[in-house]
Structures are given as structure tokens and as C-alpha cells.
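Data block below; observations after.
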Amino acid sequence: MSEQHIKLPEGSIEKTTTTLNLGPTHPATHGVMQNILELDGERIVSTEQTIGYIHRAFEKIAERRNLYQITPLTDRLNYCSSPINNMGWHLTCEKLLGVKTPKRVDYLRVIIMELARISDHLICNSIVGVDSGAFTGFLYVMQYRELIYEIYEEICGSRLTTNIGRIGGFERNFNDIAFTKIQKFLDEYPRVLTEFENLFNRNRIFMERTIGAGAISAERALNYGFTGPNLRAAGVDYDVRIHSPYSSYEDFQFDIPVGTTGDCYDRFLVRNQEMWQSMNIIKQAMQKLQDFKGAEADVYHADVPEYYLPEKKDVYTKMEALIWHFKIIMGEINMPAGEVYNAVEGGNGELGFYFVSDGGRTPYRLHFRRPCFIYYQAFEELTKGAMLSDAIIVMSSLNLIAGEMDA
Amino acid sequence: MALTNEHIKQRLIEKFDTEVSGFEDTYGMLSFEAPKDLNLKVLQFLYDDAELKFRFMTDLCAVHYPDQPGRELAVVYHLHNLIDNIRLRFKVFTSVAKPDVYTATALFSAANWMERETYDFYGVNFVGHPNLKRILNVDEMEYFPMRKEFPLEDQTRVDKDDEMFGRGGSMGFGTEKTEHGTIIESDKDNVGEEII
């Protein structure tokens, strides 16, 4: 009977391998992406990735947007650390427009970027835990991501897609609640992170699941264009914050943690160490903020009326501010012609913006260098010959964010 | 001696003579172009040279310039020398009619998907690419959407009027269109009239 009703594709009986669709909507992909795995038993013979399920044509849209309208687009790249994307975009514009930001603005930006880095790494690492069967750590650190989101909320009013800051600085000064919460975070998080590390670092099950899984050598990682924690886990100490400092990162003392084997375990440890370093940077920045006295202590934006959107109360009362407000909102500011490439150290690696301006009012071409997109192509090499369960853990430990991959 | 933009420029001119051109220092980054047939030779030279060591491909993308006949598409490589920490930008131009450029996948594994993306959006045909098919758009797509012939509505156009915002173009109650096309207040009862 079955011969009549079931039509199998030709050759499927003789085929010795199994094809498995992992995704696009699989709980373990943590985003919309598809892996077509060819399995021999439980071993992976080959994989093919399909991406683009949430492609939103940001680069095309950006060609017809004013600079301030592109900021919300950058939010939606790596939405686990959108403030870094926002700041990267503002820094790119500032580089093109020749805007110099005051030191205090730089330090405020450093605080917000490092908080975003912590929230990014915290999600990634706790998800690695979830995918290897340990749910506790995930729930435990989640309340501190919530605290970080509350800090964002105090600063800009939104939580996930932050649209934080403007060209030249911030829309308003950090309020006291924000500083209190940052201090609270600095006081409480070390204890939590220590406990999180105690849960995983020497956990036998976790170690056996992650050591050796998805390992990559430094040469291959460089050839594949890895950056960020994934490259550092392979033993290359490349960090944009050190190599081409932006936003006054040169004023801070911090270490770049590196791994040796480039496997999931090393990536996990590198991210954990980076969280410690980020906290160290935030502490230094908070200290440096204390040194500003008098009028300097209230500076939160550069004095560039032609690019910095004026405060609303000034718009209603001052002619000058009203004019600039109108010109900026209507996009009537011509940019200098030129090409600029600017990169920041995103949660996942080097987040680059290649901005071509022809002297018009919108970018002529804007290209995002999206770290996720670049290292997802190494997935096949990382998982060849591994078990199916390793593929899951490699995927989460690479920190693949569909929003960043598809742009 | 630390590597400088000027030194890289000299090395490139020594090696490729007049083939490399368009040297520019844009915001601290050296930028130059070469004929598209030489792209692999230039990349290989930058990779192998004991001094230059540009062994990290940061980015690869294309730009469309419809106003430059014969060289409409630019393929832009961003390379990084991680040892001396210096970046450079290298461009090759190709015509949109025959957009064939040699693939860099043999040199950089990272170029694989970036070239697929460039093909997907600009239609640059990377000769020798192992798997040149669309990556972010659907396979059935028949055009290359990032090219400039597919414009979005320009929100910053200088000739815009209130019609763009849904005002002024249509007739509201108690308004009337004059012979010059402007809308004025009137007593005329225009209920049921066709909205322009």
C-alpha cells in the first residue's frame, strides 16, 4: 500500500545520510536562520546556511534618510547591544562632519557602551548555558540585564531599540537615578557574575560539552574575518578599542582577555572576562566624571548647532534653535563630500560603517560591516564532523544575531 | 619603521607603476584604485609583501555610480594590517554591462559571503566564486535592488510641497481650488466632490 501513496524523492532510499532542517524557526537558533544539516547518524557531514529571513534593506533605506533617521535603523542590527550601534553611527557621522565631542560626552558614551557590552555578553553566555542544559544561570543574570535596561530607560526612555544619543552627544544629561542605578549595578553585579562563573567555569558537564566544540585556529579565524570575542578566543588580541581608540578609550586602563583554542569554552571564558573588564572601565569612567567641576560637569553635548538637535524648550523660546531644529528635522543640512570608514568594538566584534557622501543631504552609500554576517560562514568548518548537539552550542556561542546578519 | 600611508603608496607604485592610481588620503585612510583585471594581483601583493602584510579583509562591498559610463560599479575592499595596525581602501571599477571581477575567496575565506551579498545587491559577477548565488534576497529576484535605478522616495527633495504630507493636494471641506492651483477657503459646499 505504501508504495502507491508515498512518493519519495529519487535516490532517497539509497542515500545513507539524513537531511535535517534546523530552523528557520527553531528554539535553538535564537533567531531566524536556517541550517540544512546533512547527518550521518549523529555526525554532521556538511551544512548549508540560509539567511535573509529578516532582511529589511537598511542600506537601501539609509540612502534616502537624514542622518538622525538612520540611528533607529542601527538599533535593529545587533539588538542585544543597540547603544553600541547607535554610538558607532554617531561617531561615524562626527568623523565625517568633523565634530569634536567634549571629554565628558566621551566618558558618558563609554559608560553606556560598556553597559551594552555587558548585556550582550551576559545574554550570549547564559544562552550557551541554556543550550547545554543549564537554565539557572540564565534566569539568575536576567534580572541584571533588566537593571541595565532600566538604566537605558532613565537615559533615553526606551529599552531594547534605544535610539540613544545624537550627533554631538546625548539628548539630555544623565539624571541622578541613572547614576544611582549604574552604581547599584557596579555594586551588585560582581557578586552575581562570580556566582555565574562558579556555576559554569569548572562545571564538569559544561566543560565536557564545550571544550573542543567548534574550535578554530587563529589563522583560520583571521582568514574568516573573525573579530571581537570570537577572534580573541582563538588567541589574537585584536580589539578596536585599543587598536583605533574612539570616544576616548585611550584614557582607560583595561586588559584584553584572550583564549588559546578558539572553542566554545574559550569563547565563554573570554566573554566572562570581558564583562569584568567592562565593569572596570565603567568604574574608571564614573571616577573620571567626578573630576568635572562647575559648568563642565553639566556638559552633555558638543556645541555644534548645525548638527545637534536643540532641546525642545529652546525650540519654543529661541529663534536660533527653532531654525536649526527645522533645518535638521527637514534634512536641509548638506554634508561634506567624502568617504569614511569608522569601526567600533560591538558586542560581537568590529562593527564598521562605510559611509560615502557625495555632498548631498543623505548618504550616497552606507554599508554596515556586520560581524555576525561575516563569521556565520565559518559555521560549516566549525561543525564538520561534530555531533548535532555541538552544532547547537556552536551557534549560540558564536552569538549569532539574526538582526545583525540580515541588516 | 612604522608603516605609513606614504610608504604603502610608494611600494604600490614601485610594483605596479602607472596601473595603480587615484591615491587619496580620506580621513586618515589610504585609498586607491586599480584596473579590475589586476585586483587579485594587487590583493596578493598586499597580502604577501613582507612589509605590507595586509592579511585581514575587513569589508567588501560595492557602490553604484550611474553617472560614470564604463565604470559604474565600484567594488571596494577594506583591508587591515593587524601587525602595524593600518587600514587601507582599495577599489576596482567595472562597467555595469559586463560586471565581471575576479573573486578573492581563494585569498580570504571571509570574502565568500561578502561577495555573494555584493552580487545579490549589485549584480557584480565574481568570476571563480565557488557558490555565487543570492544570499539575503529571494532566489527568484530578477534585478539587483541596491542599484541606483531603483530609487526610494527622496524625503529631502528640495521641490517638496505640502502635498507630500497629505495636505494641500486634496480638497477639504470649505476649501476651493483657484485657477492657479492653490487652495483657498470658500463657502462652497464641496461635499461629495471628487478628491484630487
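The values are calculated or read from the model by the stated rules, or taken from the named source; none is laboratory data. Predicted model only: the values in this text are computed from it and were never measured. So basically every Cβ, Gly included, is an ideal-geometry build from the backbone, and we count neighbours across all protein chains shown.
Of everything in the stretch A:46-67 that's among the hydroxyl-bearing types (S, T, Y) and within 12 Å of chain B (Cβ to nearest Cβ), which residue is farthest from B:M146 (Cα to Cα)? Give the derivation first.
Kept after step one, since they are among the hydroxyl-bearing types (S, T, Y), are these residues of the stretch A:46-67: A:46-47, A:50, A:53.
Cutting the leftovers down to within 12 Å of chain B (Cβ to nearest Cβ) gives us A:50, A:53.
Working: A:T50: 20, A:Y53: 18 Å.
Here the answer is A:T50.
Could we say that A:E59 is at pLDDT 90 or above and more than 21 Å from the chain's Cα centre (by Cα) here? Before you say what the answer is, go through the steps one by one.
Details: at pLDDT 90 or above: yes; more than 21 Å from the chain's Cα centre (by Cα): no.
No: the conditions fail for A:E59.
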Practice task
Have a look at A:V258, A:V240 and point out the one that is touching a helix residue (DSSP H, G or I) at 6+ places or on another chain (Cβ under 9 Å), farther than 17 Å from A:C372 by Cα and within 14 Å of chain B (Cβ to nearest Cβ).
Solution key: A:V258
Handout entry: Of all residues in the stretch A:208-228 being out of contact with any helix residue (DSSP H, G or I) (no Cβ under 7 Å at 6 or more places or on another chain) and more than 14 Å from chain B (Cβ to nearest Cβ), the one that is surrounded by the fewest Cβ atoms within 10 Å (Cβ to Cβ)
Key = A:E208
Handout entry: Exclusive hit being away from chain A (no Cβ under 11 Å) and under 22 Å from A:H55 (Cα atoms), set B:N137, B:N125
Key = B:N125
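Quick grid of which residues meet (1) over 15 Å from B:A111 (Cα atoms); (2) more than 12 Å from chain A (Cβ to nearest Cβ); (3) surrounded by fewer than 22 Cβ atoms within 10 Å (Cβ to Cβ):
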| residue | (1), (2), (3) |
| --- | --- |
| B:M29 | yes, no, yes |
| B:L38 | yes, yes, yes |
| B:K41 | yes, yes, yes |
| B:A50 | yes, yes, yes |
| B:R55 | no, no, yes |
| B:A62 | no, no, no |
| B:R71 | yes, yes, yes |
| B:I83 | yes, no, yes |
| B:F93 | yes, yes, yes |
Handout entry: The lone exception for B:W113 - which of (1) surrounded by fewer than 23 Cβ atoms within 10 Å (Cβ to Cβ); (2) within 11 Å of another protein chain (Cβ to nearest Cβ); (3) within 17 Å of the chain's Cα centre (by Cα) it fails
Key = (1)
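Please specify each residue of the stretch A:112-159 satisfying the condition of being outside any helix (DSSP H, G or I) and either closer than 21 Å to A:K181 by Cα or at pLDDT 95 or above (or both).
A:G157, A:S158, A:R159
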Problem - Condition met for B:L132 (outside any loop (DSSP other than H, G, I, E, B) and touching a strand residue (DSSP E or B) at 6+ places or on another chain (Cβ under 7 Å)) - result: no
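Before we move on, is A:N85 surrounded by 18 or more Cβ atoms within 10 Å (Cβ to Cβ) and either assigned to a loop (DSSP other than H, G, I, E, B) or away from every other protein chain (no Cβ under 14 Å) (or both)?
yes
Condition check ((1) on the phi < 0 side of the Ramachandran plot; (2) touching a strand residue (DSSP E or B) at 6+ places or on another chain (Cβ under 7 Å); (3) buried (at least 24 other Cβ atoms within 10 Å of the Cβ); (4) within 11 Å of another protein chain (Cβ to nearest Cβ)) across all residues:
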site	(1), (2), (3), (4)
A:E345	yes, no, yes, no
A:V356	yes, yes, no, yes
A:T362	yes, no, no, yes
A:M387	yes, yes, no, no
A:D390	yes, no, no, no
A:M395	yes, no, yes, no
Handout entry: Residue count, the stretch A:258-302 (criterion: aromatic (F, W, Y) and closer than 30 Å to A:F379 by Cα)
Key = 3
Practice task
Return the residue satisfying two criteria in turn: it lies in the stretch A:339-366 and is in a strand (DSSP E or B) and touching a Ser or Thr at 6+ places or on another chain (Cβ under 6 Å), and of such residues it is farthest from A:R76 (Cα to Cα).
Solution key: A:E339
